[in-house]
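Here the structure is laid out as structure tokens; the discussion comes afterwards.
The values are calculated or read from the model by the stated rules, or taken from the named source; none is laboratory data. A quick note: this is a predicted structure, and the numbers were derived from the prediction, not measured. Here the Cβ positions follow ideal geometry from the backbone for every residue, glycine too, while neighbour counts run over all protein chains shown. Only protein heavy atoms, including side chains, enter the accessible area calculation; ligands, DNA and RNA are left aside. Shrake-Rupley method; radii C 1.70, N 1.55, O 1.52, S 1.80 Å.
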Amino acid sequence: DAEITQSPRHKITETGRQVTLACHQTWNHNNMFWYRQDLGHGLRLIHYSYGVQDTNKGEVSDGYSVSRSNTEDLPLTLESAASSQTSVYFCASSRGYEQYFGPGTRLTVT
Amino acid sequence: KQEVTQIPAALSVPEGENLVLNCSFTDSAIYNLQWFRQDPGKGLTSLLLIQSSQREQTSGRLNASLDKSSGRSTLYIAASQPGDSATYLCAVNDGSARQLTFGSGTQLTVLP
């Protein structure tokens, strides 16, 4: 069955370190998204991509970057992790407008 | 900027009750609206997607309605079961890009 996976599921890192969260989908969807979920803020869009070599900034993109070298993967990189980036991160994909979400990565920055 | 509100933030009902979850949005120029379910520690599961041209969508015991002009959507759950306990999120797409703006969710508890 087609699916969307994220790894790792849990990560603890130190302030200042570079961290990369992986997202892989097997639906062959062109559109991929990264969100973060925080209490009191709901889900907020970080970055998104409409296809290979396409990336765009979302509402809360500062301190994050993405690259899209193939259809299946959209890794999210935290250039220099900060405590404010402690959150649960969700990846999603879509062909049209209906989005399908991965299981999430819980990231703790100490 | 689009804002999406879900009231109440939490709801507790006895098993078997029919219930309605509410979602409101500030900009009526939406392309579609999507309802999700989120279980604790898990990702989001898409329940229903309503296009702006539609008034309602049904899937099993779930029925979602959309009133674009008033900026409201409701999710009706019939004959609730303990397995329906979860957080329900609505999200709107304004069509300018394939992005979603989310509400903060309603945490539903169905008591046996």
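Filter the range A:9-25 for residues that are of a type in the set (Val, Ile, Thr) and open to solvent by 70 Å² or more (accessible area, probe 1.4 Å); which is farthest from the chain's Cα centre (by Cα)? Going through the qualifying residues, I end up with A:Thr15.
The set of residues in the range A:85-106 that are facing chain B (nearest Cβ under 7 Å) and either over 12 Å from the mean Cα position of the chain (by Cα) or hydrophobic (A, V, I, L, M, F, W, C) (or both) comprises A:Phe90, A:Ser94, A:Tyr97, A:Glu98, A:Gln99, A:Tyr100, A:Phe101.
Does A:Ser69 meet the test of being within 16 Å of A:Ala82 (Cα to Cα), more than 11 Å from chain B (Cβ to nearest Cβ), among the polar types (S, T, N, Q) and in contact (Cβ under 8 Å) with a residue 12 or more places away in the chain? The answer is no for A:Ser69.
Checking A:Asn56, A:Asn30 one by one, the residue that is more than 27 Å from B:Gly105 (Cα to Cα), in contact with a strand residue (DSSP E or B) (Cβ under 6 Å, 6 or more places away or on another chain) and within 12 Å of chain B (Cβ to nearest Cβ) is A:Asn30 and no other.
Taking (1) more than 20 Å from B:Thr101 (Cα to Cα); (2) more than 10 Å from chain B (Cβ to nearest Cβ); (3) of a type in the set (D, E, K, R) in turn, A:Asp62 satisfies each apart from (1).
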